[in-house]
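Take a look at the structure set out below.
Every number here is computed from the coordinates shown, using simple stated rules; none is lab data. Everything numeric here is computed off the predicted structure, so don't read it as measured data. With ideal geometry, Cβ positions are generated from the backbone for all residues, glycine too; neighbour counts draw on all protein chains shown.
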Amino acid sequence: MEARLNFFTNPVASKVVKSIAAAGKPIADSSLPAATAELVALRVSQINGCGFCADMHTKDAAKAGETAQRLHLVATWREATVYTDAERAALELAEQGTRVADAAGGVPDEVWANATKHYDEEQLGALVSIIALLNAFNRLNVIAQNPAGDYQPGQFG
């Protein structure tokens, strides 16, 4: 499979991708646990069918010390016993925030309330931001049919 569009050589797309990537720095610098951010990124990518981002975030998480068991179970996190209550709240927020078109009212109040039990204002800002950024990256990659499998951890910075 070959991508429809090269994000590195296209004059517009390359600028957009760099801008979106730069918007991720405040998330990385926040107090949101890096493991939570990677789990959320992976789950959003799974929902959106973005193989490129799923590959990237699985490999980055593994390199950072995440266990294979936890990575394999992200898609079925509700039935898995390996996640904390805080991680479960983040994964639920990620799912609801990604599937906003499926729910007439957007993210339910109870999902938000549960997230606020586990995360402070800064961390909530990081969670909402990573969900939005990953949805943007996923859409770029899915539309361009960017292939998965060749990503190397740390490849982009």
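For this structure, a couple of remarks:
- Charge-dipole axis of the chain as Lys and Arg at +1 and Asp and Glu at -1 on Cβ define it, positive-most pick from ASN48, GLN145, ALA132: GLN145
- Note on ALA144 and LYS117: the extension gain reaches 5.9 nm, defined as 0.36 nm multiplied by sequence separation minus the Cα-Cα distance.
- The stretch 119-140-the stretch 12-71 distance, computed between alpha-carbon centres (Å): 10
- To the nearest ten degrees, helix 51-63 and the longest principal axis of the Cα atoms of the chain are 70 degrees apart.
- Residue ranges 48-56, 128-136 sort as 48-56, 128-136 when ordered by packing (mean number of other C-beta atoms within 10 Å per residue, highest first).
- Nearest-ten-degree value, helix 34-48 long axis tilted from longest Cα axis of the chain: 70
- Value of Rg to Rh for the stretch 76-142 (Rh from inverse mean 1/r over Cα pairs, i.e. Kirkwood): 0.97
- Cα gyration tensor category, rounded, prolate or oblate, for the stretch 13-144 with a/c compared to 1.5: rounded
- Helix 13-23 vs. the chain, principal-axis angle (Cα, 0 to 90°, nearest 10): 30
- Full-extension gain in nm, PHE156 to THR81, via 0.36 nm per residue minus C-alpha separation: 23.7 nm
- FRET efficiency for the pair SER31 and MET1, taken as 1/(1 + (r/R0)^6) with r the Cβ-Cβ distance and R0 = 41 Å, rounds to 0.60.
- Full extension of the chain between GLN69 and ILE20 gives 14.6 nm of extra length, using 0.36 nm per residue less the Cα-Cα distance.
- Label-reachable residues, the stretch 8-31, where backbone N falls under 17 Å from a point 7 Å from ALA136's Cα toward its Cβ: 8, 12-30
- Debye, to nearest 20: dipole size of the chain, +1 on Lys, Arg Cβ, -1 on Asp, Glu Cβ: 520
- Calculated mean residue ellipticity, 222 nm, the chain: -19000 deg cm²/dmol, from DSSP H runs (n ≥ 4) at -39500 (n - 2.57) each, averaged per residue and rounded to 500.
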